Amino acid sequence: MKKFLLCLALLCSLGIQAQQPTIFPAEHVAPADNNTGIVHISVLSRSERQMTTNFLFERGSRNSWHYHPGATQVLMVLDGEAYYQEEGQPKQLLHKGDVVTTAPNTRHWNGATPWSSAECLTITEVISDAEHVVQLRKVTDEEFSSPVAGEGAMIVRLAQVEVYPEYLKEYLALANEVDRLSVEREPGVICLFPMQSAEDPTQIRILEIYASDDAYQQHLKTDHFQKYKQGTLHMVKDLKLPTMRPLDPQTMKLIFTKQR
């Protein structure tokens with residue numbers, strides 16, 4: 001208990017604000033000794049039975065391997081996309097709305113993906129006369145970039161669109177709008193990059209990269225995509241959607257973090 005209160009006092013003394021809005025407060029920066037990258041944290045409530053904590057993991061950040069002696073923990077993803085891994089198991093990719101229950105004494109870690117921050121809420125049992133958490137070693141870069149359980153390769157397409165000349169200006173406006181909204185609002189949309197042929201402006205190419213097939217399927221259901229799809233049906237003369245296979249998916253994801 002004394003160790004926990006000491007850590008909590010250290011967190012409160014830092015008093016550094018999170019760099020983006022969160023559903024619940026995530027006001028303080030967690031100690032670098034037990035984290036990689038910037039992790040914001042706030043203890044929202046604590047009773048004799050449980051403790052509720054809110055985390056904001058900035059892109060690429062994560063906590064260390066750790067476990068909770070005798071205590072069950074429930075992790076809920078409030079926003080963004082997160083990684084979660086238990087010792088001896090493949091890494092999992094979590095999305096907004098996912099819930100994971102960690103059994104007592106299970107060694108695990110969690111954090112944000114390289115391409116998305118993640119806000120997570122944890123509810124952890126409080127066990128009398130036991131430490132809240134036992135910190136182990138930091139997560140290595142190799143562990144952080146390891147394959148994700150149950151996920152196929154990223155979905156990569158180079159859409160080939162031919163537009164009727166009389167609708168070109170109207171089409172470009174709708175295409176630019178859906179690309180911007182998709183990248184802004186959907187963590188699983190890594191890239192939508194439209195290009196126009198210098199020789200023939202009616203020839204449009206769109207580089208599409210989605211984190212997974214699930215992210216792609218969710219994208220197709222969004223209001224902004226449906227507005228684009230239905231609004232441009234009469235403008236498109238020809239459409240081809242060849243799926244490409246990324247040769248190095250992990251490195252591809254890191255390319256876009258360099259444009260911060």
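The values are calculated or read from the model by the stated rules, or taken from the named source; none is laboratory data. No experiment lies behind these values; they were computed from the predicted model shown. Cβ: placed from backbone, ideal geometry, glycine included. Neighbour counts: every protein chain shown.
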(message) Among (1) in contact (Cβ under 8 Å) with a residue 12 or more places away in the chain; (2) farther than 30 Å from THR72 by Cβ; (3) exposed (fewer than 15 other Cβ atoms within 10 Å of the Cβ), there is one condition VAL134 misses while meeting the rest; what is its number?
(response) (2)
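I'd like the residue in segment 137-183 that is free of Cβ contacts under 8 Å to residues at least 12 places away in the same chain and within 27 Å of ASN35 (Cα to Cα) and, out of all such residues, is surrounded by the fewest Cβ atoms within 10 Å (Cβ to Cβ).
GLU142
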(message) Filter segment 79-97 down to the residues that are under 23 Å from PRO114 (Cβ atoms) and surrounded by fewer than 19 Cβ atoms within 10 Å (Cβ to Cβ) and list them by number.
(response) GLU86, GLU87, GLN89, PRO90, GLN92, LYS96, GLY97
(request) Please give the number of the condition ALA118 fails out of (1) at pLDDT below 90; (2) surrounded by 14 or more Cβ atoms within 10 Å (Cβ to Cβ); (3) among the small types (Gly, Ala, Ser). (result) (1)
(request) Six or more apart or on different chains, Cβ under 9 Å: which pairs go from a residue in segment 104-115 that's charged (D, E, K, R) to one that's part of a strand (DSSP E or B) and crowded, with 16+ Cβ neighbours inside 10 Å? Could you list them? (result) ARG107/HIS66; ARG107/TYR67; ARG107/GLU86
(request) Using the structure shown, decide if ILE38 is among the hydrophobic types (A, V, I, L, M, F, W, C), modelled with pLDDT under 95, surrounded by 15 or more Cβ atoms within 10 Å (Cβ to Cβ) and more than 19 Å from THR124 (Cα to Cα). (result) yes
